[in-house]
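Comments concern the structure below.
The values are calculated or read from the model by the stated rules, or taken from the named source; none is laboratory data. All figures in this text were calculated on a predicted structure; none of them were measured in a lab. Cβ sites come from the backbone with ideal geometry, for glycine too, and all protein chains shown count toward neighbours.
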Amino acid sequence: MEDHDESYKKFFSFPEMVEDLLRGFVHEEWIERLDFSTLERVNGSYVTDTFRQRHDDVVWRVRWGEEWLYVYILIEFQSEVDEFMALRIMTYTGLLYQDLIGQKQLFKGKLLPPVLPIVLYNGVSRWTAAEDVNDLIVPLKGGLEKYRPHVSYLLIDEGRYVATELAELHNLVAALFRLEKSRDLPSVRTAIENLIEWLKLPEQKELRSTFTRWIYKVFIQTRFPKEKIPEIQELEEARTMLSKTVVEWTKQWKEEGLVEGLEKGLEKGLEKGRELMATLVLRQIERKFGPLNESDRQRISEAEESTLIEWGERLITASDLNEIFKH
């Protein structure tokens, strides 16, 4: 987990990753007004009230017209959802402002710059915590409500994105998420081939190396902890190694008589579970919106498990079918 956390912080030390995070996952008009050529890393080290320095904060700033917009990225890989995340964000944002004042980056009479706090989460369970500190405070009446603070954050919950959505994006962060979610060799190979194509420039060498190290240390070694796999130096090696290694393992397992039993058991169990999930999603959708046409029924019956989960979550708040099936 530590390697995972630290590698993600390393990823977002590159301006290309920050730009793709904002362009690909912040769907708001003001994004088009940002001048990404001005992206620059800001020292994210400051002292809290308990005198613990936060050296690992990922903070950038980018020009928004004549002003700076500060982008605060909090990497969250804990196993459980932090119900008080909005309070943490309010505290960190306040500390960032205090740091800017302490560094004398604000002139007298000048307003504080805007801050975009982003919580990047990839836990197994979906994020359910309040996204505004206002929702954590007891409602007040009689005029006291105006003293309840409003500080919210942008949540990027990796688990909410289905593979088909991510595959449509020409985006480095989306490729990273696709690798995180990959459960089969073809999707892994496609994501790596995309990275090879998108990171060809000489000036992208360090970012390319960061992806290579992550694929080896986090992706491969956590999925195949008992296998002795030689360290790789380039993305091309990762693609070749994965293809060759999987073929070798399959051959070995066949010789040991394991493949047939594993394949039959896994395929039967997984397919049965997927079919039951598809039936449930279909029933719930038709109960809410009425009978579906044959095309939509087939679409549900053939959908992957991750897609079915996403549609089931959207069904809760959807007002029509388009909101469920949208990309």
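Things worth noting here:
- Scan of the stretch 116-151 for residues that are surrounded by fewer than 13 Cβ atoms within 10 Å (Cβ to Cβ) and hydrophobic (A, V, I, L, M, F, W, C), ordered by number: V124, V138, L140, L144
So that you can scan it fast, the table gives a plain yes or no per residue for (1) out of contact with any helix residue (DSSP H, G or I) (no Cβ under 9 Å at 6 or more places or on another chain); (2) crowded, with 16+ Cβ neighbours inside 10 Å; (3) of a type in the set (A, V, I, L, M):
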{"position": "L280", "(1), (2), (3)": "no, no, yes"}
{"position": "R287", "(1), (2), (3)": "yes, no, no"}
{"position": "S295", "(1), (2), (3)": "yes, no, no"}
{"position": "E302", "(1), (2), (3)": "no, no, no"}
{"position": "W311", "(1), (2), (3)": "no, yes, no"}
{"position": "S319", "(1), (2), (3)": "yes, no, no"}
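- Residue check, V26 among the hydrophobic types (A, V, I, L, M, F, W, C), modelled with pLDDT under 85 and surrounded by 13 or more Cβ atoms within 10 Å (Cβ to Cβ): no
- When restricted to residues that are more than 30 Å from V162 (Cα to Cα) and either among the β-branched types (V, I, T) or not assigned by TED's automatic domain parsing to the domain that holds W68 (or both), the stretch 99-145 contains 3.
So that you can scan it fast, the table gives a plain yes or no per residue for (1) modelled with pLDDT under 75; (2) within 31 Å of the chain's Cα centre (by Cα); (3) farther than 30 Å from K228 by Cβ:
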{"site": "L258", "(1), (2), (3)": "yes, no, no"}
{"site": "G261", "(1), (2), (3)": "yes, no, no"}
{"site": "K268", "(1), (2), (3)": "yes, yes, yes"}
{"site": "A278", "(1), (2), (3)": "no, yes, yes"}
{"site": "I285", "(1), (2), (3)": "no, yes, yes"}
{"site": "E304", "(1), (2), (3)": "no, yes, yes"}
{"site": "I316", "(1), (2), (3)": "yes, yes, yes"}
{"site": "S319", "(1), (2), (3)": "no, yes, yes"}
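- Scanning the stretch 177-189 for residues that are at pLDDT 85 or above and out of contact with any Asp or Glu (no Cβ under 9 Å at 6 or more places or on another chain) turns up R178, L179.
- Candidates V218, V247, filtered to the one that is of a type in the set (V, I, T), at pLDDT below 60 and outside the structural domain of S306 (by TED's automatic domain parsing): V247
- Residue match in the stretch 32-42 (condition: at pLDDT below 90 and either among the small types (G, A, S) or out of contact with any helix residue (DSSP H, G or I) (no Cβ under 7 Å at 6 or more places or on another chain) (or both)): yes
- The condition of being without any contact (Cβ under 8 Å) to a residue 60 or more places away in the chain and either at positive phi or part of a helix (DSSP H, G or I) (or both) does not hold for R213.
- Of all residues in the stretch 164-178 being of a type outside the set (V, I, T) and surrounded by 20 or more Cβ atoms within 10 Å (Cβ to Cβ), the one that is nearest to the chain's Cα centre (by Cα): F177
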